[in-house]
Every structure is written in structure tokens, then in C-alpha cells.
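Worksheet: one structure, shown below.
Computed from the coordinates by the stated procedures, all read-outs in this text should not be read as laboratory data. None of the values given here were measured: they were computed from a predicted structure. Note: ideal-geometry Cβ built from the backbone for every residue, glycine included; neighbour counts use all protein chains shown.
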Amino acid sequence: MFYTFKVRRTAVFPALVLFLLAAGMAVLFVKNLSGERVSAPAPPPCLIIDPGHGGIDGGAVSIGGAKESDLNLAIALRLQKLAELYGVETVMTRAADSGSLDYAAGSYSEHQDLVHRAEIANAVPNGLLISIHQNNYPTGQPSGAQVLYGPGEDSRRFGLLVHENLRRCLDPKNRRVASPASGIYLTDNAKCPSILVECGFMSNFADLEKLQKASYQTALAAVLAASYLQFTSGQILT
């Protein structure tokens, strides 16, 4: 499957795309070397992708009936495909329109679903967690993506990087800032560096229109994938 990008042109987004392409070429080059291979000092972390609740719990629902769980999963699956294209090991907390646990009728527990997703993340010895969500508000004014980061310096650094890339590449007018993810079960209980990405507001018509487009979902996934590669390789674009 091929995805096309139809997003606002900036100097930064092409740079991130070139970074992805260069990283992909490097992966192919290393994998095809027949002689001595130079190994990295440490393996890069497994990218743990969490599309939030699914199945019975669809999360926020827009006025038009769009479900948060569907948008989260669409972006998450694109991120997984892009990451794996560049040789990144991935783990999904869910990969279909279902919860992370199989529940009998009437037995759904949001808390148990969160606990299970945290257990999936913590079962990965060397991981980095991106939890994908959509924001919602009683009025339609608030807009824009925002990154919340878990405890620890690595979470903070990764969160700041992802937020700035999302802002500069996709929405330069966004005035939101990355913030600590205080009181969020998944990031509080993940043992690895973790961030939660609110990709936009389902209550804002302009945000929702973008979030429902496959091209924008792919653009979001590309920024997240490039940010992972930047963070894990120590390469920061200016």
C-alpha cells in the first residue's frame, strides 16, 4: 500500500522526510553488507505503539459520529508500517478494533484495560512507548496537537522533541506546549520512556477534518517515526 502526503509545505517537514529516507537507505545498506559489520553500541529500543482503548470503549465521539479509537488505530498502524520499513522492532497494544483484553458481555473494565496495556509495555525489555490519542472539549475553540510525557528525563526529552516536530512540521501556529502527563495511568506505570500524543481536537471541526484524512494520518505517523529515529540516533534537525 502506498500513501501520499498532502500537507502544508515547510522547511522542516521535507527535512524529516529526507531523514526517514536516509535512515531507510542506511538500514538497507547495513543489511546487505557482505563483509564486517559495525554494530551499534546498544540496540535501539523497541517502539511500543499504544492506540488507546478499543472495542467496547471507543473513546471520544465527534458530533458526526467519528470514534477516537478508529482515528488512533489508523495513525498507529501507519506508524507501525513506517517504523518496520526502517528496521525498527515494534509492539502494538492492540492492532484491531478491539480492546487489549477479551471481555464477556457487560464485564468491561477501563482500569483493567489500562493495566493490561501497561503490562504489555513493561514486558518489553528495552522499549519506548508512544500512546496515540485525540483530544476533546465541550466547545469547539481549542485546537492543535499536544504531547504529554511520562516520568524521567528520557520521557521529557522525547516528548519535547515530538511536540516541536509536530508543531513545526504540521501546525506552526499551534501554541500548545509539551507538558508532564500527571495522573495518566499508562505513562505513570510504564517502566520505559513514554509519551502520550494528543493528535488534535475531535471537538474542533478543522482539526477533525484533517484527522479523518488518510494523508494527514500518514503525515502524523511520519513525524512520529522520524522523531523516534532522531531521538534514538541522537540526530536533531535544525
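Spin-label point model (7 Å from Cα, Cβ direction): what's the Ala206 to Gln112 distance in nm?
Using points 7 Å along Cα→Cβ, the separation is 4.3 nm.
How far apart, in nm, are two points set 7 Å out from the Cα along the Cα-to-Cβ line at Val61 and at Asn174?
Modelled inter-label distance: 2.7 nm.
Determine, from the Cβ-Cβ distance of Lys191 and Thr139 and an R0 of 35 Å, the FRET efficiency 1/(1 + (r/R0)^6), rounded to the nearest 0.05.
Result of the calculation: an efficiency of 0.40.
Kindly put His116, His53, His133 in sequence by how many other C-beta atoms sit within 10 Å of each C-beta, fewest to most.
Result, fewest neighbours first: His116, His53, His133.
Among the aspartates and glutamates, select those whose C-alpha is under 15 Å from the C-alpha of Lys67, and discard any that sit fewer than 8 residues away in the same chain.
Straight-distance partners of Lys67: Asp57, Asp97, Glu198, Asp207, Glu209.
If only Cα atoms are counted, what is the Rg of the stretch 146-238, and what is its Dmax, in Å?
Both quantities, over Cα of the stretch 146-238: 13.3, 37 Å.
Got a sec to turn the phi values of the stretch 115-128 into Karplus ³J(HN,Hα) couplings, 6.51 cos²θ - 1.76 cosθ + 1.60 with θ = phi - 60°, whole Hz, x for Gly and Pro?
My calculation for the stretch 115-128 gives 4, 5, 5, 5, 5, 4, 5, 6, 7, 8, x, 9, x, 9 Hz in order.
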